[in-house]
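Have a look at the structure below, then the notes.
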Amino acid sequence: MVGPPPPPPGSGEDDDSDVMIGPPRPPVGPSSDSEEDEEEENRYRIPLSNEIVLKGHTKIVSALAIDHSGSRVLSGSFDYTVRMFDFQGMNSRLQSFRQLEPFEGHQVRNLSWSPTSDRFLCVTGSAQAKIYDRDGLTLGEFVKGDMYIRDLKNTKGHISGLTCGEWHPKTKETILTSSEDGSLRIWDVNDFKSQKQVIKPKLARPGRIPVTTCAWDREGKCIAGGIGDGSIQIWTLKPGWGSRPDIYIEKSHSDDITGLKFSSDGRTLLSRSFDGSLKVWDLRQIKAPLKVFDDLPNNYAQTNIAFSPDEQLFLTGTSVEKESTVGGLLCFYDCSKLELVQRVGISPSCSVVQCAWHPRLNQIFATSGDKSQGGTHVLYDPTLSERGALVCVARAPRKKSVDDFEAPLVIHNPHALPLFRDQPSRKRQREKILKDPVKSHKPELPITGPGHGGRVGSTKGSLLTQYLLKQGGMIKETWMEEDPREAILKYADVAEKDPKFIAPAYAETQPEPVFAKSDSEDEEK
């Protein structure tokens, strides 16, 4: 019932009380559920009616960054590349205008635009983060530290693979990175040679435990780090601050933390973990989380959380598990009621890793993929969203005209000719080496022709007298025709009767040979 209850009958009121003032009351009968659902959805104004996919990657898309105007989108993947999309320059084919490979053989783990959107930070599995300008040209990379120095405070940079990195939300010179070496570092973009600050998390026992993720708050006054031991540590930037955390949440999750996100007022922190949960923390009471949302499978270290522009909702993605029949989902939660509002299926077979809800465009971005493909899904509503995907979907690719003439490209490259080559081809080099007896290690041929004493000479003897005696038949070379075995056996009797060297040396100590009797004789007996 809407409005005050009707007066009980016989209350002594005038007959005029039967006259209804204002709009009629709604019917008491049950209203249709579909209308209620529509009202509920419209209350949050989630743009879900249309979808486009920015493709191009061959593996799961693990990193996403949209600039503040909403015109450029960066997507990084496990296929080691970063693709740059521009909504203003794209047509309905949705192709990227540039592709980068920051570090060969290293997965792209995080991307972040500067506050002015003129540069972006690229964090890969290597120990060095890279800075690019808006068009994808490299501006520099941060230095790698000395891995043989034990104390991380004395190294100039990270010594192990990076896990996460974010640009300062307000200051365009400051960057935060976290690494597997167990430290967080704050960098100045103008100095690639050394960091400004090293933060070592508080640990139960000494050692190196990786920092799996990091985040700034809305104003850039606090830093949060997710530590490999399951703790969340928060540092406040103030004069003379050190590595001791201001807020320390011990054993916040049972597995590695993959994403942290502050609310705009800095009082609430959301955390996402490999243990398949999302926790909501009130930073004024950190003994226990306000709410825990379970059954959110997560297999990727980059899975994050995002807020809606008005912070009524927050959303996160889920991973696909082997036996599960459910695909990758985007789950929306109400911030005030702390309850699940909606689940949106993004892909039946691919996991959802990173998500973002852009305030200017009012479009939701979700990266997905598996071992063989990857893409960024953009959800929008033509009535609620602006620009972004709407611009390029309406712009069809230009059809080729009959008059379009493209001359076939002929490339004249004189240095490709053998004449201009600096190095000869391998085949020619091999042939040349085979002709050279020294380089090819060719063995000497056997002596078959004329010569004497192993020396083959065309003069039939190196001395004049030898030559003359040979010609006259005085020197006869019998060894050429003789069998070598017979030549040796010739001296067998002499060696036995008149031994010179070996036999006399062993004559006194030589034992008498004792031969075994043959078995055949025993058998006969």
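One line per residue, one yes/no per condition, for (1) assigned to a strand (DSSP E or B); (2) modelled with pLDDT of 90 or more; (3) not β-branched (Val, Ile, Thr):
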residue: GLU311; (1), (2), (3): no, no, yes
residue: THR325; (1), (2), (3): no, no, no
residue: SER336; (1), (2), (3): no, no, yes
residue: ILE346; (1), (2), (3): yes, no, no
residue: SER349; (1), (2), (3): no, no, yes
residue: ALA356; (1), (2), (3): yes, yes, yes
residue: LEU361; (1), (2), (3): no, no, yes
residue: ILE364; (1), (2), (3): yes, yes, no
residue: SER372; (1), (2), (3): no, no, yes
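Checked against (1) in contact with a Gly (Cβ under 8 Å, 6 or more places away or on another chain); (2) among the hydroxyl-bearing types (Ser, Thr, Tyr); (3) closer than 19 Å to ALA215 by Cα; (4) outside any strand (DSSP E or B), SER319 passes all but condition (3).
Taken over the stretch 294-313, residues that are within 14 Å of SER277 (Cα to Cα) and of a type in the set (Phe, Trp, Tyr) amount to 1. Scanning the stretch 328-358 for residues that are acidic (Asp, Glu) and open to solvent by less than 10 Å² (accessible area, probe 1.4 Å) turns up just one, ASP334. For the stretch 278-297, the count of residues that are open to solvent by less than 20 Å² (accessible area, probe 1.4 Å) and among the polar types (S, T, N, Q) is zero.
Candidates in the stretch 43-71 are the residues that are open to solvent by less than 50 Å² (accessible area, probe 1.4 Å) and at positive phi; of these, the one that is farthest from the chain's Cα centre (by Cα) is GLY70. Restricting attention to the stretch 228-244 and to residues that are farther than 21 Å from ASN154 by Cβ and in contact (Cβ under 8 Å) with a residue 24 or more places away in the chain, the residue that is surrounded by the most Cβ atoms within 10 Å (Cβ to Cβ) turns out to be ILE232.
Inclusion of LYS399 among residues that are modelled with pLDDT of 70 or more, open to solvent by 90 Å² or more (accessible area, probe 1.4 Å) and closer than 30 Å to LEU361 by Cβ is warranted. Those strands (runs of 3 or more DSSP E) of the stretch 234-286 in which 1 or more residues are more than 26 Å from the chain's Cα centre (by Cα) occupy 247-249, 268-273, 278-282. When we screen LEU74, LEU100 for residues that are surrounded by fewer than 21 Cβ atoms within 10 Å (Cβ to Cβ) and either over 17 Å from PHE142 (Cβ atoms) or not aromatic (Phe, Trp, Tyr) (or both), the only hit is LEU100. Open to solvent by 100 Å² or more (accessible area, probe 1.4 Å) and modelled with pLDDT of 70 or more: which single residue out of GLU524, GLU482, GLU444 fits that description? None of the other options fit; the residue is GLU444.
Is at least one residue of the stretch 23-46 among the charged types (D, E, K, R) and modelled with pLDDT of 85 or more?
No, because not a single residue in the stretch 23-46 is among the charged types (D, E, K, R) and modelled with pLDDT of 85 or more.
If you go through the stretch 359-369 and keep only what is surrounded by 24 or more Cβ atoms within 10 Å (Cβ to Cβ) and either farther than 15 Å from PRO382 by Cα or not β-branched (Val, Ile, Thr) (or both), you end up with LEU361, GLN363, PHE365, ALA366, THR367, SER368, GLY369. Residue check: is SER372 under 15 Å from SER49 (Cα atoms) and either surrounded by fewer than 20 Cβ atoms within 10 Å (Cβ to Cβ) or touching a residue at least 60 places away in the same chain (Cβ under 8 Å) (or both)? Against the criterion (under 15 Å from SER49 (Cα atoms) and either surrounded by fewer than 20 Cβ atoms within 10 Å (Cβ to Cβ) or touching a residue at least 60 places away in the same chain (Cβ under 8 Å) (or both)), SER372 does not qualify.
Going through (1) more than 18 Å from the chain's Cα centre (by Cα); (2) buried (at least 16 other Cβ atoms within 10 Å of the Cβ) one by one, ASP181 falls short only on (1). The residues of the stretch 183-220 that are free of Cβ contacts under 8 Å to residues at least 40 places away in the same chain and either on the phi > 0 side of the Ramachandran plot or part of a strand (DSSP E or B) (or both), listed by number, are ARG185, ILE186, ASP188, ASP191, GLN197, GLY207. Does the stretch 140-160 contain at least one residue that is among the aromatic types (Phe, Trp, Tyr) and exposed (fewer than 12 other Cβ atoms within 10 Å of the Cβ)? Looking for residues that are among the aromatic types (Phe, Trp, Tyr) and exposed (fewer than 12 other Cβ atoms within 10 Å of the Cβ), one finds at least one in the stretch 140-160, hence yes.
The values are calculated or read from the model by the stated rules, or taken from the named source; none is laboratory data. Only a predicted model underlies this, so the values are computations on that prediction, with no experimental measurement involved. Here the Cβ is made from the backbone with ideal geometry for all residues, glycine too, and neighbour counts use every protein chain on show. Areas reflect the complete protein model, heavy atoms only, side chains present, ligands, DNA and RNA absent. Shrake-Rupley method; radii C 1.70, N 1.55, O 1.52, S 1.80 Å.
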